[in-house]
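A short worksheet on the structure shown next.
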Amino acid sequence: MPAFRCVLVDSAGVSTNVEVIAANREAALRAVSGTERIPVAVEEMPSRPARKRQSRKKREAVLEFTEMMNLLTDSGLSVRDALEVASTIGGTKGAGLLAAELSVAVGKGTGFAQAIEAKNDFFSPIYRGLVSVGDRTGSVERIFPRLAQYLRDMKALRDKLLGALSYPIMVVCVTALGSIGLSLFVIPRMEAIFAGFGGDAAMRVRANIRGIETAIVSVLGAALAFALAMAVLGAAARRMPALARILDRGKLSFPIVGRFLAAWETLNFAFAMETLAAGGVSVEDALEEASRVVSNEAYRSAALEVRESVLKGHPLSAEFRLHREFPEYLSQWMVVGERSGSTERVFAQVRRYFQAEVDRATTRFTVLLEPALIILIGALLLVLVTGIVLPLFSLYGTIL
């Protein structure tokens, strides 16, 4: 359905822009009517692909919105009043626009959790799940401090990863472009030049050039085929949950990458379980809600299987130990949780541990990545020198 931008004006004359998804202009006008703000203009917006709303801007808007809501609700305002104030002080872009849209939805009688769920293009599954739990337990205000801290931690981690990957990505792109240019322009001309010379040295240079050209084409072709295969598998996995579980279970079994992915998923899972336990939610219900924040289908399926076993009376720690998707550290601390009865503190410990694990893995990755690229580029230069430059000296000697 098309999107419409509605300009609303309150009694003080302050205007606010609100985005509404509706079938037509009249439906969009009805959606924003009936509140304290008066609609003065409704215009259709370009389609979403043309608008190019970047995920980074969405994340920044969600973080700013969460921090504003945390501050406002902590000062004693209700969620509805906090949305009103946030839409006023946040401006007409980013967090302010997001708060205004949610304020309109809540003002029309929609629950806050339902309004958040409807904005799934902005809010992640863990965000929507925790807000849903807070709304169900009547303590949404207690969720905002945890969400704000979680979003800040995730932003710091993403910035760290992007900072570490910016230089390697640039080097890889330059190397790939240089290899393509070498294969398409330089090597054919060199081969044509050496075709006029006789002798073993010229034939050896020409053979080396053809070998290097074949290697470059093979590597680029393999990379393209791998990217295409990953895209096809990803599209198929979105349509077939069984295939998605198989692929995600394979990701977790990788020697190094799998350990990092398991730590990342356990970090999110433990954060959700800690928050749910703090809100008084039972372990059985918390497992179901926390499974929503996990992106790995195999990990999510294992969490739901643990929940089914716990409902049948099986010990939580034993069930975690039966599934290889969960790290051993998580199973060990489940034993502590069962004996101490302090579920919230146990999951807080698990969250802190895997937060440190993710930080250590990221630091180790950034430290080793640059030397690895230097070695790779050095190996490429060595091949060029031994395959072309050194035989050129032999060719030069035969000419003299």
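None of the figures in this text is laboratory data; all of them are computed from the coordinates on show. None of these values were measured; they are calculated from a predicted model. Note that we place each Cβ from the backbone using ideal geometry, even for glycine, and neighbour counts take in every protein chain shown.
When ARG239, ARG351 are ordered from fewest to most other Cβ atoms inside 10 Å of their Cβ, what list results? Display every interim value, and only then the final one.
Values: ARG239 8, ARG351 22.
Ascending Cβ contact count within 10 Å gives the list ARG239, ARG351.
Counting just the Cα atoms, what span does segment 197-353 cover along each of its three principal axes? Round to the nearest Å and put the largest first.
Per principal axis, max minus min of the Cα coordinates gives 85, 32, 24 Å.
Ranking LEU83, LEU72, LEU382 by Cβ neighbours within 10 Å, fewest first, what do you get?
Going from least to most buried by this count: LEU382, LEU72, LEU83.
Evaluate E = 1/(1 + (r/R0)^6) for ILE374 and ARG152, where r is the Cβ-Cβ distance and R0 equals 30 Å; express this FRET efficiency to the nearest 0.05.
0.35
To the nearest µm²/s, what D does Stokes-Einstein give for segment 72-153 at 37 °C and 0.692 mPa s, using the Kirkwood radius over alpha carbon pairs as Rh?
256 µm²/s
From the backbone phi of segment 301-315, what are the Karplus-calculated ³J(HN,Hα) couplings (6.51 cos²θ - 1.76 cosθ + 1.60, θ = phi - 60°) in whole Hz, Gly and Pro given as x?
3J(HN,Hα) across segment 301-315, in whole Hz: 4, 5, 5, 5, 5, 4, 4, 4, 5, 5, 4, 7, x, 7, x.
Determine by what factor the alpha-carbon radius of gyration of segment 260-315 differs from 2.2 N^0.38 Å, reporting the quotient.
The value comes to 1.07.
Taking neighbour counts of Cβ atoms within 10 Å as a proxy for exposure, in what order, fewest first, do GLU344, GLU36 appear? Mind dumping the intermediate values first?
Working: GLU344 16, GLU36 10.
The fewest-first ordering by Cβ neighbours comes to GLU36, GLU344.
Determine by what factor the alpha-carbon radius of gyration of segment 261-376 differs from 2.2 N^0.38 Å, reporting the quotient. Walk me through the numbers before you get to the answer.
Details: Rg = 15.8 Å, N = 116, 2.2 N^0.38 = 13.4 Å.
Normalised Rg, Cα atoms only: 1.18.
Against the globular-protein guess of 2.2 N^0.38 Å, express the Cα radius of gyration of segment 221-303 as a ratio, rounded to two decimals. Present the calculation step by step, with values, prior to reporting the outcome.
Details: Rg = 15.4 Å, N = 83, 2.2 N^0.38 = 11.8 Å.
The reported ratio for this selection is 1.31.
Under a plain spin-label model, where a point goes 7 Å from the Cα along Cα-to-Cβ, how far apart in nm are ALA27 and ASP10?
Placing both labels 7 Å along Cα→Cβ, they lie 2.9 nm apart.
Could you give the length gained on full extension between SER166 and GLU43, defined as 0.36 nm per residue of separation minus the Cα-Cα distance, in nm?
Gain on extension, SER166 to GLU43, equals 40.3 nm.
I'm a student and want to see the number: the projected area of the Cα convex hull of segment 232-277, averaged over all directions, in nm².
Average of the hull's projected areas for segment 232-277 equals 4.0 nm².
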